[in-house]
Amino acid sequence: MELSIIFLNFTYACFGVILALGFMLLGFKLFDRITPFDTSKQLAQNNVAVGIVVGSIFVGLGIAVGLVMGLGLN
């Protein structure tokens, strides 16, 4: 396999990770702005329900962004 192809795929993967983390941060900030309570404070107080919702947001955004990036590379 050619070295330039491997390097190009690695670059795409790194860019995809950065993009996915950015969208996850944006989704968390949007969720924090929409809800009437402070999400970070609730997580610090060990609120399990908020933790499950925030975790679900990260999983959902990760799947969605991963699928879009995966289909875009093909």
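Structure data summary
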{"quantity": "Efficiency of FRET between Phe31 and Phe10 - r from beta-carbon atoms, R0 25 angstrom, step 0.05", "calculated": "0.20"}
{"quantity": "Residue-wise HN-Hα coupling along the stretch 50-56, computed from phi with Karplus coefficients 6.51, -1.76, 1.60 (Hz; x: Gly, Pro)", "calculated": "5, x, 5, 5, 5, x, 5"}
{"quantity": "Computed label-point distance, nm, for sites Val68 and Asp38 using a 7 Å Cα→Cβ extension", "calculated": "3.1"}
{"quantity": "Gyration tensor (alpha-carbon) shape descriptor, the chain, a/c threshold 1.5", "calculated": "prolate"}
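Values quoted throughout were computed directly from the atomic coordinates according to the rules given, and no laboratory measurement underlies them. This one's a predicted model, so the numbers in the text were calculated from it and none came from an experiment. When we count neighbours, we look across all protein chains shown, and the Cβ atoms used for this are built from the backbone with ideal geometry, even at glycine.
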